[in-house]
């Protein structure tokens, strides 16, 4: 009985995976994403004056901001760095994913914690 099950399993596996091709070519069809702009790969927007260097189609760009760059006091904020990125992203008719962080793995907290908080902690 085990031989029958084993034979069936071998035939099934060969028929299921035997016709799989190891190479294929992807052709991008812009009409497939035209009505669903918030899906797909998202490049990271490096915080420099240069624009993202990517060759794949996308409609969103990702950017991380340390809280220190946005919050200058307990009730005061400076969004100029955020505005710059948003203007650049909007100029390409893209959407921005904005993430604010306080703690980043491998970095000193003084890089991301606002000065008014950091000075109160030290």
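All of the numbers you see were taken from the coordinates with simple rules; none came from a lab. Everything numeric in this text was worked out from a predicted model, so none of it was measured. So basically every Cβ, Gly included, is an ideal-geometry build from the backbone, and we count neighbours across all protein chains shown.
Gain on full extension, evaluated as 0.36 nm per residue between residue 75 and residue 90 minus their Cα-Cα distance, stands at 2.6 nm. Spin-label model, residue 9 to residue 119: label points 7 Å out along the Cα-to-beta-carbon direction sit 7.0 nm apart.
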